[in-house]
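Inspection log for the structure reproduced underneath, given as structure tokens.
Nothing in this text is a laboratory measurement; each read-out follows from the coordinates by a stated rule. Just so we're clear, the structure is a prediction, and the values are computed from it rather than from any experiment.
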Amino acid sequence: MTRAPDLHADVGEILLTEEQIATRVAELGRRISEDYAGRPVTLVSVLKGSLPFMADLMRAIDLPLRIDLMEVSSYGGGATESSGLVRILKDLSATIEREDVLIVEDIIDTGLTLNYLVRYLRGKNPATLRICTLLDKPARRLVEIPVDYIGFTIPDQFVVGYGLDYGELYRNLRFVGVLRPEVYAGPAEAEVAGV
Ligand code: 5GP
């Protein structure tokens with residue numbers, strides 16, 4: 001029988017509290033506002049994981065700004081792995097030509113998704129293209145990408161919450177946490193594995 005997920009109990013360890021996230025997002029917003037010094041900026045966020053981060057970050061930035069949303073899916077990988085094959089499910093709704101564009105990402109793991117996105121967006125001739133990610137997991141990086149703004153560098157663990165999902169759930173948690181192993185493995189396998 002499939003067990004109903006218990007959002008809070010399924011999280012073994014809270015990595016980042018709501019307060020830590022709020023403080024860091026405010027800092028990032030201040031730095032971005034200073035760096036662009038009054039110039040208009042276009043934030044391009046990548047659905048769905050970046051949704052809470054985008055909503056909080058845009059309100060922490062004191063600049064004239066536009067937002068646009070893309071949705072991409074990487075396919076061919078497992079539930080917790082990226083494959084590098086990226087499909088655009090939703091494209092930009094307006095041109096970004098000659099604009100200062102800042103990509104707003106939830107997490108960079110292997111870097112494959114972002115690498116694809118950066119090349120795709122460069123092809124649209126923005127004046128500048130920078131990257132802001134809430135989380136950086138450098139341990140499994142396969143492609144080097146210069147990231148301009150990083151919220152938190154985290155260890156190589158699969159995290160959920162504050163937009164990040166496992167099987168489309170857990171996005172609404174206010175914190176970022178690590179799922180208990182039995183959530184991936186199912187209770188029987190977890191017992192055999194001694195977890
Ligand atoms: P990358 O292409 O950099 O390996 O992975 C990027 C995408 O994989 C992220 O946008 C996210 O959707 C997913 N991802 C990578 N690591 C994690 C993680 O720890 N938790 C969750 N929920 N998604 C992740």
* Any lysines with Cα under 20 Å of the Lys48 Cα? List them, leaving off those in the same chain fewer than 8 positions away. => Lys90, Lys137
* Structure fact -> Computed over the chain, the convex hull of the Cα set has an average projected area, in nm², of 11.4 nm²
* Asked: How much mean residue ellipticity at 222 nm does the chain get from its helices, if each DSSP H run of length 4 or more adds -39500 (n - 2.57) and you divide by all residues, to the nearest 500 deg cm²/dmol?
  -> -7500 deg cm²/dmol
* Structure fact -> Taking a straight Cα-to-Cα line shorter than 13 Å from Lys124, and setting aside same-chain aspartates and glutamates fewer than 8 residues away, one finds Asp91, Glu97, Glu99, Asp100
* Helix 51-60 versus the longest principal axis of the chain: what is the Cα-based angle in degrees, 0 to 90, to the nearest 10? -> 40 degrees
* To do: On a 0 to 90° scale, report how tilted helix 112-122 is relative to the longest principal axis of the chain, with both axes built from alpha carbons and the result rounded to the nearest 10.
  => 20 degrees
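Normalised by the residues of the stretch 1-138, what does the relative contact order come to in percent, with Cα pairs under 8 Å and at least six apart?
Numbers: 210 pairs, mean separation 29.5, N = 138.
Dividing the mean separation by the residue count of the stretch 1-138 yields 21 percent.
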* So what's the gap between the Cα centers of the stretch 91-141 and the stretch 11-56, to the nearest angstrom? -> 15 Å
* What residue among Tyr120, Tyr149, Tyr170 has the largest mean-square fluctuation in a Gaussian network model of the chain, using Cα springs under 10 Å? -> Tyr120
* **Directionally averaged projected area (convex hull, Cα atoms, the stretch 87-145), nm²** => 4.2 nm²
